[in-house]
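Structure, as structure tokens:
The values are calculated or read from the model by the stated rules, or taken from the named source; none is laboratory data. Worth saying up front: this structure is predicted, and the values here are computed from it rather than measured. As a convention, Cβ positions derive from the backbone with ideal geometry for all residues, glycine included, and neighbour counts pool all protein chains shown.
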Ligand code: DMJ
């Protein structure tokens, strides 16, 4: 706190510049005034030399030369010159008196100062800065592929749209016991020559745009959707998994009580699904109070978000009739030729993630062809000078632009930083490297750019590649960027060294700057605004318990237990925020006397979010501490009591009152995340084992890519064929 960052220094020095301009004008006016004063003084002195009709000749001569000199000085004076040049204005300066001139000049300099002040200090002054300072600003940070449609740069329409996402000590607890963190693969993970070469190719981020394009073109020749359909073999992929995805018996727990709880969660899923099907089929989300559907404006005209988000949940729960209905809808009704404005992030995590998972779990070709068709439609969003995509894309025209609410046309860290897992899989399935190149380019830029205190601010300009504001958050706007770093490392079969390095150094910076302990002993993640801490934690930030947990095992040996403890402490804090309804507020604070409590009315709502339960699930898998299942069950009971209505589940407006006021929305992430994490919490660990799967930020499981195994398999297949 209190330390000036580079950007702060920039703003301050520009502030100084405007103050200097004020001082300059002020002294100019003073010197003008003193010159004028001296002139008056000279006249007075001459008057004193000549009295009674007699003058002292020598004195007069020397005073006359003094007058000449003064006159010359005044003539040279810029302000005086300006006045002289004005037609019809006398040399005396518009006929104003000296004191009036002085006041006028002071007023003028004040005005100039005010303008400069407004330019640099008003909240959204960045736009103005760009106009005035564009020539002197740091040149854009470019890495690899750049813009190919700079025309769009000028045509982009910043729109005023709503923010698509929520803004977005374990008191007496002892050290958490690590249950089974080591995930030992059976398949060889030696870094073979070939794998290294492949990895290097992926990481060669200085690829020129033209190369990326030519690769794209080549792939397009192979297949309309850029897919070389013969390259990816589902059978090969299945053979490279360490365990069956659905376990020995669909993860059925042997303990009857746990099984009963799991069945309850399955019933909740069926209830939510049936009502969606009944009242909102084909729409994006169900409005359970008014019993109708909601399309919203996040998916660019794409429909059926709840269907796509539910595919894998229905499948792992064994709700096969429902899954088949969903699959049929994808086959017959999922129309990707929409022409609306979509959030790149939301379409990616829900549609791309949902379809990818459905494909990997079932091997149904329809999911693969749909996801490749959709992936291709997202590519134009990356056509910016830096390759950092903008937040909004028109799926029909490919035009993209930044959210109207995002400062100075910036892109959001949690949005452009949450594409990696899905895009790498798009390359896997299509055999087209362009998707990987796009996200590797983002990675490279983020790796290269200077980070204040090692932290990643939430807003970045897709034009210059510089940070736009110094707001750092592990909750909304930042969250899943960090999640995708560690998950990229895990999903690469632990070969993605850059992701690993970036994750652990980010975590170090987070610990040094954001992690706090409340007076009551609760560990929490504060937010950071240019060095000032805001002692608030969003519900969204509660995913970090799980994230730090799954990353614990790959930290430096001396920190592994520490990371696991930190993960447990944060999860504990988030559990503390779930009171008295046993549901948690959107954001809770640790100042103003509160401990993990929402102090503002506007923060008290709960929209069926998953993050706290997500951390319970990971912490259960990592430690098998029974408290996580108990906490999960508390949440199930609370959802039943406060959120279940006659026709589905609904968010509530105030978690501090037991007479619920419902928000009339069954979010699609309730089906994909909240209920899936609860189901997994009450299942055996062999249902979607973490040795084989990572969950994207919408809880869609994506398989770990075992390049060496896939290549060995390819060699074997070839040998057999020969
Ligand atoms: C989900 O869409 C994702 O988890 C996203 O990363 C954050 N917000 C919602 C759920 O709260």
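Descriptive notes on the structure:
- Residue 630 meets the stated requirement of being more than 16 Å from the ligand (Cβ to nearest atom), in a helix (DSSP H, G or I) and surrounded by fewer than 22 Cβ atoms within 10 Å (Cβ to Cβ).
- Hey, residue 437 out of contact with any helix residue (DSSP H, G or I) (no Cβ under 7 Å at 6 or more places or on another chain) and either closer than 27 Å to residue 235 by Cβ or buried (at least 21 other Cβ atoms within 10 Å of the Cβ) (or both) or not: no
- Flag if residue 540 is within 16 Å of the ligand (Cβ to nearest atom), crowded, with 17+ Cβ neighbours inside 10 Å and under 24 Å from residue 507 (Cα atoms): yes
- Count - residues of the stretch 599-613 that are in contact with a strand residue (DSSP E or B) (Cβ under 8 Å, 6 or more places away or on another chain) and not in a loop (DSSP other than H, G, I, E, B): 2
- When residue 373 is tested against (1) under 26 Å from residue 663 (Cα atoms); (2) out of contact with any helix residue (DSSP H, G or I) (no Cβ under 8 Å at 6 or more places or on another chain), just one condition goes unmet, and that condition is (1).
Residues are listed down the side, and each one gets a yes or a no for (1) assigned to a loop (DSSP other than H, G, I, E, B); (2) modelled with pLDDT of 95 or more; (3) more than 26 Å from residue 316 (Cβ to Cβ):
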| site | (1), (2), (3) |
| --- | --- |
| 569 | no, yes, yes |
| 576 | no, yes, yes |
| 595 | yes, yes, yes |
| 658 | yes, no, yes |
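Here is a yes/no grid of residues against (1) surrounded by 15 or more Cβ atoms within 10 Å (Cβ to Cβ); (2) touching a helix residue (DSSP H, G or I) at 6+ places or on another chain (Cβ under 9 Å):
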position: 274; (1), (2): no, yes
position: 311; (1), (2): yes, yes
position: 323; (1), (2): yes, yes
position: 340; (1), (2): yes, no
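- The residue that is surrounded by the most Cβ atoms within 10 Å (Cβ to Cβ), among those in the stretch 641-658 that are more than 16 Å from the ligand (Cβ to nearest atom) and within 23 Å of residue 294 (Cβ to Cβ), is 648.
- Filtered residues of the stretch 660-672 (kept if assigned to a loop (DSSP other than H, G, I, E, B) and away from the ligand (no atom under 15 Å from the Cβ)): 660, 661, 664
- Restricting attention to the stretch 676-722, the residues being in a loop (DSSP other than H, G, I, E, B) and at pLDDT 95 or above number 19.
- Neighbours by Cβ (under 6 Å, 6+ apart or cross-chain): first from the stretch 444-463, more than 17 Å from residue 410 (Cα to Cα); second modelled with pLDDT under 95: 444/143; 444/205; 452/5; 452/470
- Residue among 661, 668, 672 that alone is in contact with a strand residue (DSSP E or B) (Cβ under 7 Å, 6 or more places away or on another chain) and either within 14 Å of residue 612 (Cβ to Cβ) or crowded, with 24+ Cβ neighbours inside 10 Å (or both): 668
- Within the stretch 653-677, being farther than 20 Å from residue 275 by Cα and under 26 Å from the mean Cα position of the chain (by Cα) holds for 653, 677.
Residue-by-condition table, conditions (1) within 16 Å of the ligand (Cβ to nearest atom); (2) buried (at least 21 other Cβ atoms within 10 Å of the Cβ); (3) in a loop (DSSP other than H, G, I, E, B):
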residue: 464; (1), (2), (3): no, yes, yes
residue: 477; (1), (2), (3): yes, yes, yes
residue: 480; (1), (2), (3): yes, yes, no
residue: 504; (1), (2), (3): no, no, no
residue: 512; (1), (2), (3): no, no, no
residue: 516; (1), (2), (3): no, no, no
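- Meets criteria (in a helix (DSSP H, G or I), away from the ligand (no atom under 16 Å from the Cβ) and more than 21 Å from residue 233 (Cα to Cα)) for residue 311: no
- Residues in the stretch 336-358 that are under 12 Å from residue 393 (Cα atoms) and not in a helix (DSSP H, G or I) were compared, and the one that is nearest to the ligand (Cβ to nearest atom) is 343.
- Meeting the requirement of 2 or more residues that are within 16 Å of the ligand (Cβ to nearest atom) and at pLDDT 95 or above, the helices (runs of 4 or more DSSP H) wholly within the stretch 366-452 are 413-416, 420-430.
- Check on residue 690, surrounded by 21 or more Cβ atoms within 10 Å (Cβ to Cβ) and more than 14 Å from the ligand (Cβ to nearest atom): no
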